[in-house]
Amino acid sequence: MFIQKMQIQNFRIFGDSGTDFLFDDGINVVIGENNTGKSALIDAIRIAFSCVLYKKDVFFNKSDFHVNASGERSTKAQIDVYLKDVPMNLIEICDPELAGCGEFHVIFTLEKNPSGYEKVKCRAWGGKNEGNPLSSDTLESINTAYLGALRDAESEMKPSRNSKLARLLESVASAPGEKEELVGKLYEANQGILRTNSLSKAKHIINENLFNLEQSLLHQRIELGLVEPKFESIMASLCSWIVPRWYYISNTHPQYGSIISFFASPEFKPMIHIQESGAFVDVDTVFEKGVEIEKKTAETLLTLKNHSFELNQNGLGYNNLVYISAVLGDMSLNKSGIYGNLFLVEEPEAHLHPQLQELVLSFFANKVEKHRNIQVIMTSHSPTLVSKIGIQNINLLYEKEHSIFCYPLKNSSLDNVERDYIEKYLDVTKSQLFFAKGILFVEGISEALLIPEFAKMIHRPLDMYSVELVNINGVGFAPFAKMIKIPTRNAGFAKAAIITDDDRCADKEKDTYISKDLDYDDDLNGIGDKIKRGTPSDRYSKIKELCSDGIVKCSGAIKTFEYELSLIPDNIPYILDAICTVYPKVGEKLKNKVEEETDNNTKALMIWLFIRCRDSAKAQVAQALCRLLKMSPQDIATEKNIQKPFVVPMYIQAGIYAVTMDCEEHQE
């Protein structure tokens, strides 16, 4: 059994119109920028599943009611939970019309008593009709665990009746007689301790003093031991500590030579690190191999295990891993009356480096694959996790028009091929687009290097406007545009624009085709006319049509990025200087030829053809131009003898403005 859908209305940041979330079994991730409601969602789930339980660790308070833009506080909030794979015996929540489906609903109201005191009241019901009962047994049939963002895994693992270790032990010791066997072992241990002289004396002193105090009135007696011999006492006292992987043995140890000989075999060689003064040995792995070990060697290895660490000596990240291991270990066990396990995790990436984040995600994936009754719902700001999770499993929270919306990416209009393309393409860097206010898509490295500098030149620095520039290394923009568009709202989750080339004159079937063999110093007669007569490529026309609704802006260069830059006369000295930096000799030839030409379109053609024929150095030319543009105007005039400022082409400005300004402001 797992959560399929959540609807939340008037709870904290979620307003009167309500917000819907869609989930699958297995792993689900809720992402979005700060303060978009990720923690509120997790708390709403926790509140819903504890609404009729006696023991709660989270409560609905007056401050949880949504406050609108006018400052008015709602007096009614509702949380609706829709479940899948619901067994028929949970009749309180089962949907009789849809097999395997179920639901329950919780409403909180703010009401005044006769004295005028405001109090939060709750009512909950199962199924579609209000009034149907909802018992704690039904809600407890989904075992829930929570790992908060500001977590203290060390405290959660400390000995107590409700610690994660205690719950795991209770689940593991489920076979007949197992609990009794543990209690028997504890009783024997207590008796052994009581037989020691010091403990026997302590017990005698206390009982003698009790007798003298009480005389024959009460005559109480006490027993001493580790803990009271009950299973609950074992649960409450269970603790954990960290055992190192590597133990050190000095080369002066009497058994050092025999240890080195033992680890010389290929099977055990990876389990020893020999250094100048001794060696580090992976003792536990040796014994886990289950091979026969000579008695003296085994005793020596065991004596090396002479220290351990308390959890408070361990790193925060690793303590989280201990906690997660205990929780998922408990959830992996089949328990009577439990039909599903729900693990709520806020920011699993906290205190973990990127590689360890990937290992944690793989661990979750393996667990839910092996145990289909485990559902994980996590919130995250980590591009590392987002790049690995798959967009089908992502709910994106975003702010638009002063309201919070949820976009389950499984609802996008992408087909399977497009979805696979995006998932293969997304890496840690590009996954940052989901957390941005604006997204600017470009074709290649030249645009990726130069456009951020262009944005500063027109006083629209991309970082100031939380814009993510995404270089897709090609022209496959369509899947990204489709993903950004939200079919149910005719909107996008972020302002987005595509800056691309119209790639005219590339169709061999048309008389406007420009050969790929042309270089700057060839006969260019008639080439400029072809560009003027040429029409945008089919690829460009299709992406332009896809963006015709304006949700994603598409700005196209005439022919190519480099050609359009060079069409502006004031830009040519900058571009030629950058080319000469990379190609001192042939660049100088190009410069002389361009300066001899009077027609500006032909000048632009020469520069474009030069760069096209030396495509492998495009990035170097772009870097050189970028360094030049970062110089002050005075330095450029002094060092480069370039007097006029560089001009950003209008099509690039349009793309930058689209992701840094509102439409109304841009029109002004």
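The values are calculated or read from the model by the stated rules, or taken from the named source; none is laboratory data. These numbers were taken from a predicted model, which means no experiment stands behind them. Please note: Cβ atoms are built from the backbone with ideal geometry, for glycine as well, and neighbour counts cover all protein chains shown.
Just to be sure I understand, how many residues within segment 15-67 are more than 18 Å from the chain's Cα centre (by Cα) and in a helix (DSSP H, G or I)?
Looking only at segment 15-67, we keep the residues that are more than 18 Å from the chain's Cα centre (by Cα), and these are 15-20, 43-67.
Still in the list and also in a helix (DSSP H, G or I): 43-49, 62-64.
The total comes to 10.
Go through the residues of segment 447-460 one by one and say whether even a single one is under 23 Å from the mean Cα position of the chain (by Cα), in a loop (DSSP other than H, G, I, E, B) and among the aliphatic types (A, V, I, L, M).
Checked segment 447-460: no residue is under 23 Å from the mean Cα position of the chain (by Cα), in a loop (DSSP other than H, G, I, E, B) and among the aliphatic types (A, V, I, L, M).
In contact with a Gly (Cβ under 8 Å, 6 or more places away or on another chain) and either of a type in the set (Ser, Thr, Tyr) or surrounded by 14 or more Cβ atoms within 10 Å (Cβ to Cβ) (or both), is that true of Leu609?
For Leu609, the condition - in contact with a Gly (Cβ under 8 Å, 6 or more places away or on another chain) and either of a type in the set (Ser, Thr, Tyr) or surrounded by 14 or more Cβ atoms within 10 Å (Cβ to Cβ) (or both) - is not met.
Might you let me know whether segment 369-378 holds any residue that is in contact with a Pro (Cβ under 7 Å, 6 or more places away or on another chain), on the phi < 0 side of the Ramachandran plot and in the same structural domain as Gln355 (by TED's automatic domain parsing)?
Yes, because at least one residue in segment 369-378 is in contact with a Pro (Cβ under 7 Å, 6 or more places away or on another chain), on the phi < 0 side of the Ramachandran plot and in the same structural domain as Gln355 (by TED's automatic domain parsing).
Any residue in segment 390-409 that is charged (D, E, K, R) and part of a helix (DSSP H, G or I)? Quick ask: steps written out before the conclusion?
Initially, segment 390-409 is screened for residues charged (D, E, K, R), giving 399-401.
Remaining after also requiring part of a helix (DSSP H, G or I): none.
Within segment 390-409, none of the residues are charged (D, E, K, R) and part of a helix (DSSP H, G or I).
Return yes when Pro266 is assigned to a loop (DSSP other than H, G, I, E, B), within 22 Å of Ser325 (Cα to Cα) and either at pLDDT 80 or above or not polar (S, T, N, Q) (or both) and no when it is not.
no
In segment 194-211, what count of residues is obtained for those that are touching a residue at least 24 places away in the same chain (Cβ under 8 Å) and farther than 17 Å from Glu228 by Cβ?
Going through segment 194-211, the residues touching a residue at least 24 places away in the same chain (Cβ under 8 Å) turn out to be 194, 199.
When the remaining residues are screened for being farther than 17 Å from Glu228 by Cβ, the result is none.
Summing the residues that are touching a residue at least 24 places away in the same chain (Cβ under 8 Å) and farther than 17 Å from Glu228 by Cβ in segment 194-211 gives 0.
Quick one: is Ser70 part of a loop (DSSP other than H, G, I, E, B), assigned by TED's automatic domain parsing to the domain that holds Lys121 and in contact with a strand residue (DSSP E or B) (Cβ under 8 Å, 6 or more places away or on another chain)? Quick ask: steps written out before the conclusion?
Numbers: part of a loop (DSSP other than H, G, I, E, B): yes; assigned by TED's automatic domain parsing to the domain that holds Lys121: yes; in contact with a strand residue (DSSP E or B) (Cβ under 8 Å, 6 or more places away or on another chain): no.
Answer is no for this residue.
Scan (1) in contact with a Gly (Cβ under 9 Å, 6 or more places away or on another chain); (2) in a helix (DSSP H, G or I); (3) within 19 Å of Val647 (Cα to Cα) for the single condition Cys580 breaks and write down its number.
Evaluating Cys580 over (1) in contact with a Gly (Cβ under 9 Å, 6 or more places away or on another chain); (2) in a helix (DSSP H, G or I); (3) within 19 Å of Val647 (Cα to Cα) leaves (3) as the failure.
Looking at Val475, is it touching a residue at least 12 places away in the same chain (Cβ under 8 Å), surrounded by fewer than 18 Cβ atoms within 10 Å (Cβ to Cβ) and not in a helix (DSSP H, G or I)?
When the stated conditions are applied, Val475 passes them.
How many residues does segment 499-518 hold that are closer than 16 Å to Asp538 by Cβ and in a strand (DSSP E or B)?
2
Do you know which of the residues in segment 49-95 that are in contact with a Lys or Arg (Cβ under 6 Å, 6 or more places away or on another chain) and under 19 Å from Ile3 (Cβ atoms) is surrounded by the fewest Cβ atoms within 10 Å (Cβ to Cβ)?
Val58
Only residues in segment 178-193 that are in the same structural domain as Glu223 (by TED's automatic domain parsing) count as the first member; pair them with residues that are assigned to a helix (DSSP H, G or I), Cβ under 7 angstrom, at least 6 apart or cross-chain, and list the lot.
Lys179/Phe231; Leu182/Phe231; Leu182/Ile234; Val183/Phe231; Leu186/Ile234; Ile193/Leu199
So that you can scan it fast, the table gives a plain yes or no per residue for (1) without any contact (Cβ under 8 Å) to a residue 24 or more places away in the chain; (2) farther than 22 Å from Ile652 by Cβ:
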position	(1), (2)
Pro536	no, no
Arg539	no, no
Ser548	yes, no
Glu562	no, no
Asn571	no, no
Gly587	yes, yes
Glu596	yes, yes
Arg612	no, no
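Quick one: count up the residues across segment 337-387 that are touching a residue at least 60 places away in the same chain (Cβ under 8 Å), in a loop (DSSP other than H, G, I, E, B) and of a type outside the set (Lys, Arg).
Residues meeting the conditions: 8.
Given (1) surrounded by 14 or more Cβ atoms within 10 Å (Cβ to Cβ); (2) closer than 26 Å to Ile498 by Cβ; (3) at pLDDT 95 or above, where does Ala619 come up short, assuming only one miss?
Failed condition: (3).
Quick one: in segment 275-332, which of the residues that are under 40 Å from the mean Cα position of the chain (by Cα) and basic (Lys, Arg) is modelled with the lowest pLDDT?
Within segment 275-332, the match that is modelled with the lowest pLDDT is Lys305.
Matching residues to (1) over 30 Å from Ser332 (Cα atoms); (2) part of a loop (DSSP other than H, G, I, E, B); (3) modelled with pLDDT of 80 or more; (4) in contact with a Phe, Trp or Tyr (Cβ under 8 Å, 6 or more places away or on another chain):
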{"position": "Ser155", "(1), (2), (3), (4)": "no, no, no, no"}
{"position": "Lys158", "(1), (2), (3), (4)": "no, yes, no, no"}
{"position": "Glu188", "(1), (2), (3), (4)": "yes, no, yes, no"}
{"position": "Ser198", "(1), (2), (3), (4)": "yes, no, yes, no"}
{"position": "Lys201", "(1), (2), (3), (4)": "yes, no, yes, no"}
{"position": "Phe211", "(1), (2), (3), (4)": "yes, no, no, no"}
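Restricting to segment 416-455, what's the tally of residues that are surrounded by fewer than 17 Cβ atoms within 10 Å (Cβ to Cβ), free of Cβ contacts under 8 Å to residues at least 40 places away in the same chain and out of contact with any Pro (no Cβ under 9 Å at 6 or more places or on another chain)?
4
May I ask you to say which residue of Ile558, Ile499 is β-branched (Val, Ile, Thr), assigned by TED's automatic domain parsing to the domain that holds Ile451 and out of contact with any Ser or Thr (no Cβ under 9 Å at 6 or more places or on another chain)?
Matching residue, one of Ile558, Ile499: Ile558.
The conditions are (1) over 20 Å from Thr488 (Cβ atoms); (2) over 16 Å from the mean Cα position of the chain (by Cα); (3) buried (at least 20 other Cβ atoms within 10 Å of the Cβ), and Lys370 fails exactly one of them. Which is it?
(3)
For Ile642, state whether it is assigned to a loop (DSSP other than H, G, I, E, B), crowded, with 19+ Cβ neighbours inside 10 Å, more than 40 Å from the chain's Cα centre (by Cα) and not acidic (Asp, Glu).
Numbers: assigned to a loop (DSSP other than H, G, I, E, B): yes; crowded, with 19+ Cβ neighbours inside 10 Å: yes; more than 40 Å from the chain's Cα centre (by Cα): yes; not acidic (Asp, Glu): yes.
Taking the combined requirement at face value, the residue satisfies it.
What do you reckon, is Ile636 assigned by TED's automatic domain parsing to the domain that holds Asp502, in a helix (DSSP H, G or I), of a type in the set (Val, Ile, Thr) and modelled with pLDDT of 95 or more?
Judged against the criteria, Ile636 is not a match.
Can you tell me which of (1) under 19 Å from Phe14 (Cα atoms); (2) out of contact with any Phe, Trp or Tyr (no Cβ under 7 Å at 6 or more places or on another chain) is the one Val52 doesn't meet?
(1)
List, please: which pairs have Cβ atoms under 6 Å, are six or more places apart or on different chains, and start with a residue in segment 31-46 that is polar (S, T, N, Q) and end with one that is surrounded by 24 or more Cβ atoms within 10 Å (Cβ to Cβ)?
Thr36/Leu397
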